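These notes are about the structure you will find just below.
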Amino acid sequence: MPNVITLYHTCLAHKRPAYSISMVQDDDGKDVSYERLLLPFGSGDAVEQIVGSYKSISIEGGFKINNLMGLRPKAVPVILVRAVIDRDITSAPANRSASDEVVELD
């Protein structure tokens with residue numbers, strides 16, 4: 001739970017979308033990737049609302065969702081990725097193509 005709260009605080013502090021991927025195991029021991037995207041909304045410089053989306057995915061197929069990321073999950077989630085989405089962080093070359101925007105994660 002502290003990792004989720006940290007992501008919300010990060011979204012608020014940077015006033016930018018925040019994204020995370022955590023890996024957890026279900027009750028049967030199947031690996032489940034848990035992805036979360038937080039989008040801040042507001043007026044001016046204030047974040048007034050955060051819209052969140054999450055998706056649970058398992059390469060192994062079906063999995064048990066019961067208490068997967070609850071207050072007392074069977075396994076502790078392992079954070080794989082945490083990112084703030086901000087195109088202004090780096091200056092992009094003027095002749096950038098669409099393929100330059102693809103990022104592969106191993």
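Key figures
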item	result
Isotropically averaged projected area of segment 1-59, using the convex hull of Cα atoms (one quarter of hull area), nm²	4.3
Burial order of peptide ranges 27-38, 43-54 (average beta-carbon count within 10 Å, highest first)	27-38, 43-54
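Values in this text are rule-based calculations from the coordinates and carry no lab data. Source: prediction; values computed, not measured. Counting neighbours? That spans all protein chains shown, and the Cβs are built from the backbone with ideal geometry, glycine included.
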